[in-house]
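Working notes, beginning with the structure itself.
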Amino acid sequence: MSENAAPGLISELKLAVPWGHIAAKAWGSLQGPPVLCLHGWLDNANSFDRLIPLLPQDFYYVAMDFGGHGLSSHYSPGVPYYLQTFVSEIRRVVAALKWNRFSILGHSFGGVVGGMFSCTFPEMVDKLILLDTLVFLLESNEMENLLTYKRRAIEHMLQVEASQELSRVFSLKQLLQRLLKSNSHLSEECGELLLQRGTTKVATGLVLNRDQRLSWVENSIDYVSRELCAHYIRKLQAHVLLIKAVHGYFDPRENYSEESLSFMIDTMKSTLKERFQFVEVPGNHCVHMSEPQHVANIISSFLQRTHTLPAVALGLEL
């Protein structure tokens, strides 16, 4: 174990897949109820290093690096990163771990993937925890843009492949400055934590591990109509906890409206009833990294109970 290992970390995992391997790290008790932790876009498993040690250690937590992220293998040349392929990665990982039923803790994009898995394989997921996550709803006035999004995604991938740019070498300071500039919600400490797993040392400095084809998030998300979103939610068998950071954000589109969030919450409330819990906490989009104490107790209570906490128990109004 490295000197930078997170408290309570028990092992690093390397799970074989047809294109290479999926890397992951594990905390807690091997005999405990399993929890799969899914990081956000361009992040990696280190994003849970500060949260998981604050959660009940009689659970078994596995934080995986999605393909093309962290220490996981890149997809083969010519193979795009789609939402469905990330969903299938979860199925491969839990098959390798021999998990038949488990909980999911997903941040941002990880919550989108975990949510889609929970709708596709509902019998496998008992609890779904979404950290500052929103499904990517396509407003009715945007329908004409749907094919534009799909076209751009294909053109972007072809452009990146054609450039065949060699991996650029940076200093840690340069990478940290770039990361913090494009992610205002990250603190310097959290940025360094992600770069520990997101870079590889070479003779002249550091190179980024992530696949360059991942630089545009719209490539790997699915915009769905409200009708389709409601249909997905009806398939859920899990208890669902949605934690929203007061200063968080959800959607890469500038014209995202609060109405999308309200629609998702209202639909989950009316469909899942007592199986749904919504909590708003102080903090930004990466609150689980920067101020994990704001979410640790809420997540711990949710994991430990056989049903969701009533709002009164948390002093919150739903």
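The values are calculated or read from the model by the stated rules, or taken from the named source; none is laboratory data. Everything numeric in this text was worked out from a predicted model, so none of it was measured. Backbone-built Cβ (ideal geometry, glycine too); neighbour counts: all protein chains shown. SASA here: full protein model, heavy atoms, side chains in, ligands and nucleic acids out. Shrake-Rupley method; radii C 1.70, N 1.55, O 1.52, S 1.80 Å.
Remarks
- Sites residue 169 and residue 280, calculated FRET efficiency, Cβ-Cβ separation with R0 45 Å, nearest 0.05: 0.60
- At R0 = 35 Å, FRET efficiency that the Cβ-Cβ distance of residue 204 and residue 16 yields, to 0.05: 0.65
- Sorted on the mean count of surrounding Cβ atoms within 10 Å across their residues, most packed first, peptides 104-113, 46-55 read 104-113, 46-55.
- Accessible-area composition of the chain, carbon plus sulfur, in percent [1.4 Å probe]: 52 percent
- Probe 1.4 Å, accessible area per residue of the chain, Å²: 47 Å²
- Distance between the pseudo-spin-label points of residue 178 and residue 148 (7 Å out from Cα toward the beta carbon): 2.9 nm.
- Modelled label reach - residue 31, point 7 Å along Cα→Cβ, the range 94-119 residues with backbone N closer than 20 Å: 98-103
- DSSP finds beta bridges in the chain, and of those with both partners inside it, around 40 percent are antiparallel.
- Evaluated with a Cβ-only charge set (Lys, Arg +1; Asp, Glu -1), the range 143-224 carries a dipole of roughly 240 debye about its Cα centre, given to the nearest 20.
- Highest to lowest packing among 180-187, 233-240, scored as the average C-beta count within 10 Å: 233-240, 180-187
- Distance violations [Cα-Cα > 24 Å] among 14/181; 150/173; 127/235: 14/181; 150/173
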